[in-house]
Amino acid sequence: MDLIRVLYCSKPSEDTGYAEKLEIVTDAAERNGRRAVTGFILLDDERFLQVLEGRPETVRPLLERIEQDPRHTDMEILSETETETRLFGHWSMGFAHAAQRVDEIASAELGEDATSDPVKLLDLLVDLARGE
Ligand SMILES: Cc1cc2nc3c(=O)[nH]c(=O)nc-3n(C[C@H](O)[C@H](O)[C@H](O)COP(=O)(O)O)c2cc1C
């Protein structure tokens with residue numbers, strides 16, 4: 001099966017509070033489940049880090065819609081890979097709200113320099129999805 005896996009980060013808009021973020025994730029999980037899209041999103045107060053997997057003809061238009069979404073800004077694609085297998089097969093949209101871990105890890109990774117290591121970031125999401 002030809003799939004793509006795309007990792008991006010963005011910044012929540014000023015008026016996107018915790019309730020709106022939960023709504024984004026709940027809606028995403030529901031929609032993705034219908035479209036065989038899987039993935040994971042990590043959020044803290046300052047950023048979204050999301051990975052999406054699925055067929056390119058599904059994921060690419062979805063990313064375009066997501067980019068237009070006023071609930072966040074400064075979307076930046078960190079990596080895009082073709083793949084045969086899903087890393088997040090059990091998740092239509094897994095989600096972790098970062099307390100300490102993201103502050104420590106993601107801000108260290110993403111911090112001031114957004115050209116961080118996408119491989120490490122993806123590993124972080126895989127660990128979180130496994131509950132590690
Ligand atoms: C950070 C963020 C992540 C999102 N992730 C998804 C997602 O994984 N799947 C999805 O269908 N919509 C996601 N959305 C919502 C889309 O931007 C869009 O509102 C939704 O797909 C409905 O689009 P439509 O109104 O054009 O049908 C996300 C939005 C934001 C701000």
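The values are calculated or read from the model by the stated rules, or taken from the named source; none is laboratory data. Since the structure is predicted, the reported quantities are computational estimates derived from the model, not experimental observations. Every residue, glycine among them, receives a Cβ derived from its backbone with ideal geometry; neighbour counts consider all protein chains shown.
Some values worked out for this structure:
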read-out	value
Single residue of region 31-50 satisfying the filter (in contact (Cβ under 8 Å) with a residue 60 or more places away in the chain and more than 8 Å from the ligand (Cβ to nearest atom)) that is surrounded by the most Cβ atoms within 10 Å (Cβ to Cβ)	Leu49
Residues satisfying the stated conditions in region 20-36, i.e. of a type in the set (Val, Ile, Thr) and either more than 23 Å from Arg60 (Cβ to Cβ) or over 12 Å from the mean Cα position of the chain (by Cα) (or both)	Thr26
Among (1) modelled with pLDDT under 95; (2) more than 9 Å from the ligand (Cβ to nearest atom); (3) over 15 Å from Leu125 (Cβ atoms), the one test that Thr73 misses	(1)
Members of region 76-127 that are surrounded by 12 or more Cβ atoms within 10 Å (Cβ to Cβ), modelled with pLDDT of 90 or more and either touching a Gly at 6+ places or on another chain (Cβ under 6 Å) or not β-branched (Val, Ile, Thr) (or both)	Glu76, Leu78, Ser79, Glu80, Arg86, Leu87, Phe88
Criterion: modelled with pLDDT of 95 or more, more than 16 Å from Asp127 (Cβ to Cβ) and of a type in the set (A, V, I, L, M, F, W, C) - qualifying residue of Val25, Val59	Val59
Every residue from region 1-19 that is among the β-branched types (Val, Ile, Thr) and within 12 Å of the chain's Cα centre (by Cα)	Val6
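Okay, residues lined up against (1) among the small types (Gly, Ala, Ser); (2) closer than 25 Å to Thr85 by Cβ:
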site: Arg5; (1), (2): no, yes
site: Ala19; (1), (2): yes, no
site: Ala28; (1), (2): yes, yes
site: Gly33; (1), (2): yes, yes
site: Ala36; (1), (2): yes, yes
site: Asp44; (1), (2): no, no
site: Val51; (1), (2): no, yes
site: Pro56; (1), (2): no, yes
site: Glu67; (1), (2): no, no
